[in-house]
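The values are calculated or read from the model by the stated rules, or taken from the named source; none is laboratory data. Remember, it's a predicted structure, so these values are computed and weren't measured experimentally. Don't worry about glycine lacking a Cβ; one is built from the backbone with ideal geometry, like all the others, and counts go over all protein chains shown. Heads up: the accessible areas ignore ligands, DNA and RNA and are worked out on the full protein's heavy atoms, side chains in. Shrake-Rupley method; radii C 1.70, N 1.55, O 1.52, S 1.80 Å.
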Amino acid sequence: MGKNLFIAEKPSVAREFANALKYNMRSKDGYLESEEAIVTWCVGHLVTMSYPEVYDEKFKRWSFETLPFLPAEFKYEVIENARKQYTIVSSLLNREDVSTIYVCTDSGREGEYIYRLVEQMAGVQGKERKRVWIDSQTEEEILRGIREAKDLSAYDNLGNAAYLRAKEDYLMGINFSRALTLKYGKTVKDYLKRDRAVISVGRVMTCVLGMIVNREREIRSFTKTPFYRVIGNFKLQEKPFTAEWRAVEGSKYYNSPVLYKENGFKKKEDAERLIGELSAEPAGPANVIGIEKKKENKNAPLLYNLAELQNDCSKYFKISPDETLRIVQELYEKKMTTYPRTDARVLSTAVAKEIHKNIGGLRNYALAAPFAKEVLEQGTYKNIAKTRYVNDKQITDHYAIIPTGQGLNNLAGLAPTAAKVYEVIVRRFLSIFYPPAVYQKFSLTLQVKEESFFASFKVLIQEGYLKVTDFSFKKENTAPKEDKENENESADEKCDAELTNLLTHLKKGDTLSVDTYEIKEGETSPPKRYTSGSIILTMENAGQYIEDEELRAQIKGSGIGTSATRAEILKKLVNIEYLALNKKTQVLTPTQMGEMIYDVVSDSIRPLLNPALTASWEKGLTMVADGVITPDDYMGKLTDFVGRRTVAVRGLNNQVVL
């Protein structure tokens with residue numbers, strides 16, 4: 001009987017597999033071996049696509065004569081600085097005593113691609129190949145993955161999508177970057193007074209640049225508009241509170257042209273006139289014409305996927321998405337959390353059945369121990385499968401990022417920020433086993449003469465899951481809070497026990513005393529600049545930034561890029577100086593170079609700036625992975641798009657416009 005060969009993506013993962021297998025492994029050069037098995041590893045990518053000049057020397061020189069470059073067959077080569085490990089892996093794959101290959105690279109599209117390129121280059125034949133698909137690096141999960149490994153052919157569609165993603169980035173990058181540099185490079189170089197200017201273009205990268213440039217230009221062209229709100233100061237049995245005037249039906253100012261929306265005036269004089277009318281004798285009391293009392297439940301948010309975690313870490317710790325991914329990858333490799341590159345925010349039914357193990361392990365984590373014990377004692381985890389936090393239909397490759405309950409011996413060795421990220425993940429996880437927070441809300445409508453004033457109050461009456469969310473660290477001051485004066489509707493006022501009691505007994509028809517009226521001046525605000533976190537969420541939602549966490553969960557569709565690639569794309573845009581990232585605030589702004597590249601693309605290959613189109617390419621790759629469309633269908637559309645657009649650039653003569 002032949003040996004089993006296990007091939008991981010990196011040495012550290014290979015060691016975890018070797019430890020889980022419990023064989024008497026001996027260390028060799030680039031692999032581990034026992035009587036029963038061999039464990040080896042890649043070092044990330046070992047094989048890559050060849051440059052155009054490998055096809056023909058004529059392609060080395062950038063010229064419109066050799067564009068579009070659309071090879072019928074693609075060439076691949078071993079990456080030079082990985083050649084030694086490739087040679088080792090290749091020889092092991094083809095060893096006669098190896099009968100079964102267990103593919104243990106990352107459980108995702110890119111991990112699939114890493115292995116398949118090596119197998120293709122090594123010319124492997126006649127071996128049984130099995131795919132190990134795991135959600136964490138705990139020993140139990142590794143052994144389950146090996147035990148339940150499917151034939152590699154079950155992942156052929158995913159492999160096809162991986163190849164197509166690489167071909168797409170390759171063809172768009174080479175053709176569009178060369179064409180635009182040839183057409184506009186000199187103009188850009190001369191204007192920016194640089195020695196040279198290569199215009200770098202990519203399917204996702206250029207779209208993201210476009211979103212940030214568009215936002216910056218919206219901000220520049222924005223004209224602030226002042227407005228004036230009238231606030232009434234009232235008393236409920238000597239307890240003061242404020243209410244906001246609105247020009248509702250019945251008001252003298254209803255639909256008046258002097259209004260800025262229904263709760264403010266364009267000119268201060270009109271606000272002063274209203275106060276004069278309200279204060280004129282007989283001033284009269286304020287009559288309660290409506291009071292609504294209701295309880296409002298607020299559920300714990302859904303679990304973290306990578307984009308949501310990157311956004312929160314950008315806000316809490318002012319770290320980039322790239323740094324968040326590095327940290328959560330470290331936590332995964334230390335067996336502390338599950339697979340990081342996931343889009344899902346829910347658990348699978350299979351995991352839900354065993355979730356008590358994760359919770360149980362957290363009894364050894366000081367910051368969460370009381371909550372973990374409480375959840376286990378009260379058994380609130382038992383019905384989790386019936387909640388919105390478990391949904392198999394919302395999971396493609398992996399479920400949400402959660403703590404494994406293991407690896408806590410590594411906690412002391414974590415950097416302070418990594419320890420905080422772990423805490424954030426743990427608290428989010430445990431909160432789903434708690435009931436909703438319950439608020440008492442009061443909505444009050446007062447009438448003074450013919451005018452109406454509105455006030456709303458909110459008080460927490462049951463803490464619910466919020467008891468779990470009290471972080472041990474002080475959160476960084478996040479993006480500035482919206483000024484209430486800039487909002488169309490005033491926010492809920494805080495409500496103490498005395499006022500709550502008074503409001504509880506207030507009824508329609510009661511009268512309140514009026515103290516004074518005042519004018520609050522506000523002004524319209526431009527859109528906010530993207531931060532490194534909010535742009536990741538915007539990419540996830542195909543160019544639409546949705547601030548409300550609940551709404552984001554409902555409308556989630558095809559994104560721009562993937563959870564595995566978004567941080568790297570953003571990092572590249574900063575490195576090539578198309579974007580500037582403020583490290584203290586994580587705010588992103590385009591550089592002058594970035595804006596010029598935007599203008600170049602806008603005047604030549606405008607579809608690259610369209611988030612919906614970019615998301616549709618990503619959706620197409622998902623459809624290939626799901627077996628809905630064939631690789632040939634996708635490749636046909638891709639080569640047609642690249643070919644047509646490259647030829648069109650050649651025919652343009654609009655350099656002067658820049």
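Can you say whether THR206 is surrounded by 19 or more Cβ atoms within 10 Å (Cβ to Cβ) and hydroxyl-bearing (Ser, Thr, Tyr), as far as the supplied structure shows?
Criteria met by THR206.
Yes or no, residue by residue, for (1) touching a Ser or Thr at 6+ places or on another chain (Cβ under 7 Å); (2) at pLDDT below 95; (3) surrounded by fewer than 18 Cβ atoms within 10 Å (Cβ to Cβ):
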| position | (1), (2), (3) |
| --- | --- |
| THR404 | yes, no, no |
| LEU408 | no, no, no |
| GLU450 | yes, yes, yes |
| GLY464 | no, no, no |
| GLU489 | no, yes, yes |
| LYS494 | no, yes, yes |
| LEU502 | no, yes, yes |
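Among the numbered conditions (1) in contact with a helix residue (DSSP H, G or I) (Cβ under 8 Å, 6 or more places away or on another chain); (2) among the polar types (S, T, N, Q); (3) without any contact (Cβ under 8 Å) to a residue 60 or more places away in the chain, tell me where ASN358 comes up short.
Only one criterion is unmet by ASN358, namely (3).
Of the numbered conditions (1) among the charged types (D, E, K, R); (2) without any contact (Cβ under 8 Å) to a residue 12 or more places away in the chain; (3) within 30 Å of ARG566 (Cα to Cα), LYS334 fails exactly one; give the number of that condition.
(2)
For LYS393, which of the numbered conditions (1) in a loop (DSSP other than H, G, I, E, B); (2) over 30 Å from THR585 (Cβ atoms); (3) under 20 Å from the mean Cα position of the chain (by Cα) fails to hold?
Among (1) in a loop (DSSP other than H, G, I, E, B); (2) over 30 Å from THR585 (Cβ atoms); (3) under 20 Å from the mean Cα position of the chain (by Cα), LYS393 violates only (1).
So the check is Cβ under 8 Å with 6+ separation or different chains; which pairs have a first residue in the range 506-529 that's open to solvent by 70 Å² or more (accessible area, probe 1.4 Å) and a second one that's in a loop (DSSP other than H, G, I, E, B)?
If the second residue must be in a loop (DSSP other than H, G, I, E, B), the pairs left are THR511/PRO285; GLU523/LYS224; GLU523/THR225; LYS528/ALA479.
Quick one: what pairs do we get from the range 210-233, first residue touching a residue at least 12 places away in the same chain (Cβ under 8 Å) and assigned to a loop (DSSP other than H, G, I, E, B), second open to solvent by 30 Å² or more (accessible area, probe 1.4 Å) and among the acidic types (Asp, Glu), C-beta under 8 Å, 6+ apart or different chains?
Within 8 Å, the pairs are LYS224/GLU523; THR225/GLU523.
So that you can scan it fast, the table gives a plain yes or no per residue for (1) under 23 Å from LYS335 (Cα atoms); (2) part of a strand (DSSP E or B):
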position	(1), (2)
MET1	no, no
SER12	yes, no
ARG15	yes, no
ALA20	yes, no
TYR23	yes, no
ILE38	yes, yes
THR48	no, yes
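Could you tell me whether ALA580 is open to solvent by 10 Å² or more (accessible area, probe 1.4 Å) and part of a strand (DSSP E or B)?
Values: open to solvent by 10 Å² or more (accessible area, probe 1.4 Å): yes; part of a strand (DSSP E or B): yes.
Yes; evaluated as a whole, the condition is true for this residue.
State yes or no: is ARG116 surrounded by fewer than 16 Cβ atoms within 10 Å (Cβ to Cβ) and either within 26 Å of TRP617 (Cβ to Cβ) or touching a residue at least 40 places away in the same chain (Cβ under 8 Å) (or both)?
Values: surrounded by fewer than 16 Cβ atoms within 10 Å (Cβ to Cβ): no; either within 26 Å of TRP617 (Cβ to Cβ) or touching a residue at least 40 places away in the same chain (Cβ under 8 Å) (or both): yes.
So ARG116 does not fit the description; no.
Could you check the range 345-382 and list, in sequence order, the residues that are open to solvent by 50 Å² or more (accessible area, probe 1.4 Å) and β-branched (Val, Ile, Thr)?
Here is the first cut: in the range 345-382, the residues open to solvent by 50 Å² or more (accessible area, probe 1.4 Å) are 349-350, 353-354, 356-357, 363-364, 366-367, 370, 373, 377-378, 380, 382.
Within the range 345-382, THR349, THR380 qualify.
From the residues in the range 418-465 that are part of a strand (DSSP E or B) and farther than 19 Å from LEU502 by Cα, which one is nearest to the chain's Cα centre (by Cα)?
Within the range 418-465, the first condition is being part of a strand (DSSP E or B), and the residues that meet it are 437-448, 451-462.
Checking the rest, the ones that are also farther than 19 Å from LEU502 by Cα come to 437-438, 448, 451-452, 462.
Details: ALA437: 26, VAL438: 28, VAL448: 48, GLU451: 45, SER452: 42, GLN462: 31 Å.
Filtering first and then ranking leaves ALA437.
Any idea which residue in the range 293-328 is nearest to VAL248 (Cα to Cα), counting only those that are charged (D, E, K, R) and either surrounded by 23 or more Cβ atoms within 10 Å (Cβ to Cβ) or in contact with a Lys or Arg (Cβ under 8 Å, 6 or more places away or on another chain) (or both)?
We begin by selecting, within the range 293-328, every residue charged (D, E, K, R); these are 293-296, 298, 308, 312, 315, 318, 322-323, 326.
Adding the requirement that they be either surrounded by 23 or more Cβ atoms within 10 Å (Cβ to Cβ) or in contact with a Lys or Arg (Cβ under 8 Å, 6 or more places away or on another chain) (or both) leaves 293-296, 308, 315, 318, 322.
On the way: LYS293: 21, LYS294: 23, LYS295: 26, GLU296: 26, GLU308: 39, LYS315: 38, LYS318: 43, ASP322: 49 Å.
Among residues in the range 293-328 that are charged (D, E, K, R) and either surrounded by 23 or more Cβ atoms within 10 Å (Cβ to Cβ) or in contact with a Lys or Arg (Cβ under 8 Å, 6 or more places away or on another chain) (or both), the one nearest to VAL248 (Cα to Cα) is LYS293.
All but one of (1) under 28 Å from PRO71 (Cβ atoms); (2) modelled with pLDDT of 95 or more hold for ALA580; state the number of the condition that does not hold.
(1)
Quick one: is ARG246 within 30 Å of LEU502 (Cα to Cα) and either in contact (Cβ under 8 Å) with a residue 24 or more places away in the chain or of a type outside the set (Gly, Ala, Ser) (or both)? Write out each step before concluding.
Numbers: within 30 Å of LEU502 (Cα to Cα): yes; either in contact (Cβ under 8 Å) with a residue 24 or more places away in the chain or of a type outside the set (Gly, Ala, Ser) (or both): yes.
Yes: the conditions hold for ARG246.
Need the failing condition index for VAL103 against (1) modelled with pLDDT of 95 or more; (2) open to solvent by 30 Å² or more (accessible area, probe 1.4 Å), just the number.
Of (1) modelled with pLDDT of 95 or more; (2) open to solvent by 30 Å² or more (accessible area, probe 1.4 Å), only one is false for VAL103: (2).
Consider the range 63-117. How many of its residues are part of a strand (DSSP E or B) and closer than 23 Å to LEU164 by Cα? Break it down into steps so the answer makes sense when it comes.
In the first step, residues of the range 63-117 are kept if they are part of a strand (DSSP E or B); the result is 76-78, 98-104.
With the extra rule that they be closer than 23 Å to LEU164 by Cα, the set shrinks to 76-78, 103-104.
The qualifying residues number 5.
Quick check: anything in the range 615-623 assigned to a helix (DSSP H, G or I), in contact with a helix residue (DSSP H, G or I) (Cβ under 8 Å, 6 or more places away or on another chain), open to solvent by less than 20 Å² (accessible area, probe 1.4 Å) and at pLDDT 95 or above?
No - not one qualifying residue is present in the range 615-623.
Among residues belonging to the range 119-133 that are open to solvent by 10 Å² or more (accessible area, probe 1.4 Å) and in contact with a Lys or Arg (Cβ under 9 Å, 6 or more places away or on another chain), point out the one that is nearest to THR349 (Cα to Cα).
Of all residues in the range 119-133, those open to solvent by 10 Å² or more (accessible area, probe 1.4 Å) come to 119-130, 133.
Checking which are in contact with a Lys or Arg (Cβ under 9 Å, 6 or more places away or on another chain) leaves us with 119, 130, 133.
On the way: GLU119: 34, LYS130: 24, TRP133: 17 Å.
Here the answer is TRP133.
When both residues are 6+ apart or on different chains and their Cβ atoms are under 7 Å apart, which pairs have a first residue that lies in the range 286-300 and is of a type in the set (S, T, N, Q), and a second that is open to solvent by 60 Å² or more (accessible area, probe 1.4 Å)?
The qualifying pairs are ASN287/THR511.
Within the range 78-93, is even one residue of a type in the set (S, T, N, Q), open to solvent by 20 Å² or more (accessible area, probe 1.4 Å) and in contact with a Cys (Cβ under 8 Å, 6 or more places away or on another chain)?
Checked against the condition, which is being of a type in the set (S, T, N, Q), open to solvent by 20 Å² or more (accessible area, probe 1.4 Å) and in contact with a Cys (Cβ under 8 Å, 6 or more places away or on another chain), the range 78-93 yields at least one hit.
Which of (1) out of contact with any strand residue (DSSP E or B) (no Cβ under 8 Å at 6 or more places or on another chain); (2) at pLDDT 95 or above; (3) open to solvent by less than 30 Å² (accessible area, probe 1.4 Å) is the odd one out, the single condition ILE231 does not satisfy?
Going through (1) out of contact with any strand residue (DSSP E or B) (no Cβ under 8 Å at 6 or more places or on another chain); (2) at pLDDT 95 or above; (3) open to solvent by less than 30 Å² (accessible area, probe 1.4 Å) one by one, ILE231 breaks only (1).
Checking the conditions here, which among VAL421, VAL426 is among the aliphatic types (A, V, I, L, M), modelled with pLDDT of 95 or more, open to solvent by less than 30 Å² (accessible area, probe 1.4 Å) and out of contact with any Pro (no Cβ under 8 Å at 6 or more places or on another chain)? Step through it out loud before you land on a result.
On the way: VAL426 fails: out of contact with any Pro (no Cβ under 8 Å at 6 or more places or on another chain).
Within the list VAL421, VAL426, the selection yields VAL421.
In the range 130-151, what residues are touching a residue at least 40 places away in the same chain (Cβ under 8 Å), assigned to a helix (DSSP H, G or I) and farther than 15 Å from HIS398 by Cα?
Answer for the range 130-151, where residues must be touching a residue at least 40 places away in the same chain (Cβ under 8 Å), assigned to a helix (DSSP H, G or I) and farther than 15 Å from HIS398 by Cα: GLU139, LEU143, ILE146.
In the range 164-199, which residues are open to solvent by 40 Å² or more (accessible area, probe 1.4 Å) and closer than 22 Å to ARG109 by Cα? Give the derivation first.
So the first thing to find is which residues in the range 164-199 are open to solvent by 40 Å² or more (accessible area, probe 1.4 Å), and the list is 167, 169, 182, 186-187, 189-191, 193-196, 198.
Answer for the range 164-199, where residues must be open to solvent by 40 Å² or more (accessible area, probe 1.4 Å) and closer than 22 Å to ARG109 by Cα: LYS167, ASP169.
Show the residue pairs meeting these rules: Cβ distance below 7 Å; 6+ apart or different chains; first residue within the range 40-62 and over 30 Å from LYS28 (Cβ atoms); second residue in a loop (DSSP other than H, G, I, E, B).
MET49/PHE74; SER50/LYS75; PRO52/PHE69; VAL54/LYS75; TYR55/PRO71; TYR55/LYS75; PHE59/PHE69
Could you check the range 503-517 and list, in sequence order, the residues that are closer than 11 Å to GLN237 by Cα and part of a helix (DSSP H, G or I)?
Residue satisfying the conditions is LEU503 alone.
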